[in-house]
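Participant: Take this structure, written in structure tokens, and hold onto it; I'll ask about it next.
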Amino acid sequence: MNAIRFALRSELLPKALFQAAALLVLSVLLSLGANQLRPDGLALVQDWSAQARLASPTGESMVVDLDQAAAFHRSGQAVFVDARPVSLYAEGHIAGALNVPWQQVNDHIDGFLEKVPDAATIVITYCDGEACELSEDLAVMLQDLGYTNVKVLINGWSLWLSKDLPVETGAANGA
Amino acid sequence: MGLEFKNRNAWHWVRLALRVFLGAVFLFACADKILHPADFARAVYNYQILPDPLINLTALILPWLELVLGFCLIAGWWLPGALLWSNGLLWVFFLALVFNTMRGLDVHCGCFASTPDPAGVAPVAWYLVRDSFFLFCAGSLLVTVFGRRKQAV
């Protein structure tokens with residue numbers, strides 16, 4: 001019985017590697033050239049730290065650290081806002097936190113505006129994970145809506161749990 | 001010339017279809033990334049795999065590489081090199097998605113979820129199935145270009 005087998009054309013490999021390198025060089029030249037010509041071109045290297053990501057045009061950062069946030073919580077000076085989905089908020093959240101899930105923000109923002117009418121209130125948004133952008137996007141939106149004291153607790157939920165700070169479950173405080 | 005008109009058998013047409021399909025996928029994938037590099041840089045950052053100094057460079061170069069690969073695959077130019085890159089990139093995308101799914105990271109928002117969000121499971125499963133299909137197409141093309149058929153008894 002005849003069977004068809006495949007053998008590697010190894011003589012093609014050097015040619016393929018040369019072509020792959022040339023394609024990369026071409027792509028690098030095209031991308032850097034196009035970036036140079038764009039008015040909104042990206043910096044080739046950028047500071048992606050939370051402090052830099054959340055800096056206002058004046059250079060002031062919206063980031064609040066855990067000790068400051070816990071102090072605000074103890075004194076009751078700040079409103080905490082959980083930006084995660086309702087299901088995660090219901091499983092557990094910072095005690096007293098409102099829930100404005102960023103992915104359904106249009107359904108929840110009116111409730112938040114009713115519950116927090118004073119634009120000078122200290123509002124601390126949080127979600128979970130160092131790179132989680134839900135709380136960052138929500139914070140920027142609240143700032144755009146006129147809230148003047150908006151802060152972000154980066155990786156808030158994990159940090160809060162790690163220090164055994166007050167938490168609660170259920171969705172009763174959803175905004 | 002890359003296009004082969006001599007061998008008009010079924011394999012030829014299958015290979016041509018795979019090439020054009022995969023090329024179109026790369027062209028479609030690169031368009032939005034080239035138009036909105038800052039958004040794509042944020043998406044790369046959300047994967048939480050690359051060190052910070054490489055995020056913007058990757059976000060700038062990768063879409064143009066996809067564009068070049070798309071044209072090469074469709075036109076049949078430099079297929080060996082283009083297929084090495086195509087397979088490499090698709091494997092990187094696939095493994096990055098698997099890695100982040102396993103560690104519970106939602107790459108849409110860069111956020112961790114202790115339990116999978118029901119709304120988020122379907123897209124990730126869909127991405128994995130879709131990427132597996134792309135990998136199958138790219139892998140098949142790689143075999144046809146780098147393989148030589150031998151008759152064995």
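The values are calculated or read from the model by the stated rules, or taken from the named source; none is laboratory data. Computed from a predicted structure; not experimentally measured. Methodologically, a virtual Cβ is constructed for each residue, glycine included, from the backbone with ideal geometry; neighbour enumeration extends over all protein chains shown. Ligands, DNA and RNA are excluded from the accessible area calculation, which covers all protein heavy atoms including side chains. Shrake-Rupley method; radii C 1.70, N 1.55, O 1.52, S 1.80 Å.
Participant: Got a number for residues in region A:1-48 being modelled with pLDDT of 80 or more and either open to solvent by less than 60 Å² (accessible area, probe 1.4 Å) or assigned to a helix (DSSP H, G or I) (or both)?
Facilitator: Selection size over region A:1-48: 32.
Participant: Within region A:49-65, which residues are touching a strand residue (DSSP E or B) at 6+ places or on another chain (Cβ under 7 Å) and either more than 14 Å from chain B (Cβ to nearest Cβ) or surrounded by 15 or more Cβ atoms within 10 Å (Cβ to Cβ) (or both)? Reasoning before the result, please.
Facilitator: If we filter region A:49-65 for residues that are touching a strand residue (DSSP E or B) at 6+ places or on another chain (Cβ under 7 Å), which is where we start, we get A:50-51, A:54-55, A:61-64.
Result: A:Ala50, A:Leu54, A:Ala55, A:Ser61, A:Met62, A:Val63, A:Val64.
Participant: Here's something else I'd like to know. State yes or no: is A:Ala83 within 14 Å of chain B (Cβ to nearest Cβ), touching a Cys at 6+ places or on another chain (Cβ under 7 Å) and of a type outside the set (D, E, K, R)?
Facilitator: Values: within 14 Å of chain B (Cβ to nearest Cβ): yes; touching a Cys at 6+ places or on another chain (Cβ under 7 Å): yes; of a type outside the set (D, E, K, R): yes.
Yes.
Participant: Restricting region B:27-53 to residues that are open to solvent by 50 Å² or more (accessible area, probe 1.4 Å) and under 16 Å from B:Leu89 (Cα atoms), which is farthest from the other protein chains (Cβ to nearest Cβ)?
Facilitator: B:Phe28
Participant: Just one of (1) under 11 Å from the mean Cα position of the chain (by Cα); (2) crowded, with 16+ Cβ neighbours inside 10 Å trips up A:Glu130, so point out which.
Facilitator: Answer for A:Glu130: the failing condition is (2).
Participant: Would you call A:Ile124 open to solvent by less than 10 Å² (accessible area, probe 1.4 Å), touching a helix residue (DSSP H, G or I) at 6+ places or on another chain (Cβ under 7 Å) and in contact (Cβ under 8 Å) with a residue 60 or more places away in the chain? Before you say what the answer is, go through the steps one by one.
Facilitator: Values: open to solvent by less than 10 Å² (accessible area, probe 1.4 Å): yes; touching a helix residue (DSSP H, G or I) at 6+ places or on another chain (Cβ under 7 Å): yes; in contact (Cβ under 8 Å) with a residue 60 or more places away in the chain: yes.
Considered against the rule, which asks whether it is open to solvent by less than 10 Å² (accessible area, probe 1.4 Å), touching a helix residue (DSSP H, G or I) at 6+ places or on another chain (Cβ under 7 Å) and in contact (Cβ under 8 Å) with a residue 60 or more places away in the chain, A:Ile124 comes out as yes.
Participant: Find the residue count for region A:83-109, including only residues that are buried (at least 21 other Cβ atoms within 10 Å of the Cβ) and closer than 14 Å to A:Leu165 by Cβ.
Facilitator: The qualifying residues number 3.
Participant: Moving to a separate point now. Quick test for you: out of B:Phe93, B:Phe71, B:Phe21, pick the one residue that is more than 7 Å from chain A (Cβ to nearest Cβ), at pLDDT below 95 and open to solvent by 40 Å² or more (accessible area, probe 1.4 Å).
Facilitator: Details: B:Phe71 fails: at pLDDT below 95; B:Phe21 fails: at pLDDT below 95.
After applying the criteria, what remains is B:Phe93.
Yes/no matrix, rows are residues, columns are (1) part of a helix (DSSP H, G or I); (2) of a type in the set (S, T, N, Q); (3) under 23 Å from B:Leu105 (Cα atoms):
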position: A:Gln103; (1), (2), (3): yes, yes, yes
position: A:Asn106; (1), (2), (3): yes, yes, no
position: A:Glu114; (1), (2), (3): yes, no, no
position: A:Ile124; (1), (2), (3): no, no, yes
position: A:Glu130; (1), (2), (3): no, no, yes
position: A:Ala139; (1), (2), (3): yes, no, yes
position: A:Gln143; (1), (2), (3): yes, yes, no
position: A:Lys151; (1), (2), (3): no, no, no
position: A:Trp157; (1), (2), (3): yes, no, yes
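To keep it simple, each residue is scored yes or no on (1) free of Cβ contacts under 8 Å to residues at least 12 places away in the same chain; (2) hydrophobic (A, V, I, L, M, F, W, C).
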site: A:Tyr89; (1), (2): no, no
site: A:Ala97; (1), (2): no, yes
site: A:Gly111; (1), (2): no, no
site: A:Asp118; (1), (2): yes, no
site: A:Gly129; (1), (2): no, no
site: A:Cys132; (1), (2): no, yes
site: A:Met141; (1), (2): no, yes
site: A:Gly146; (1), (2): no, no
site: A:Ser162; (1), (2): yes, no
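Participant: OK, next. Take region B:60-105 and flag every residue that is in contact (Cβ under 8 Å) with a residue 40 or more places away in the chain and hydroxyl-bearing (Ser, Thr, Tyr).
Facilitator: B:Ser86 - this is the single residue of region B:60-105 that is in contact (Cβ under 8 Å) with a residue 40 or more places away in the chain and hydroxyl-bearing (Ser, Thr, Tyr).
Participant: OK, next. Which of the following residues is over 25 Å from B:Ile49 (Cα atoms), over 20 Å from the mean Cα position of the chain (by Cα) and within 14 Å of chain B (Cβ to nearest Cβ): A:Val105, A:Val167, A:Val140? First the steps, then the outcome.
Facilitator: Details: A:Val105 fails: over 20 Å from the mean Cα position of the chain (by Cα); A:Val140 fails: over 20 Å from the mean Cα position of the chain (by Cα).
That would be A:Val167, the only listed residue that is over 25 Å from B:Ile49 (Cα atoms), over 20 Å from the mean Cα position of the chain (by Cα) and within 14 Å of chain B (Cβ to nearest Cβ).
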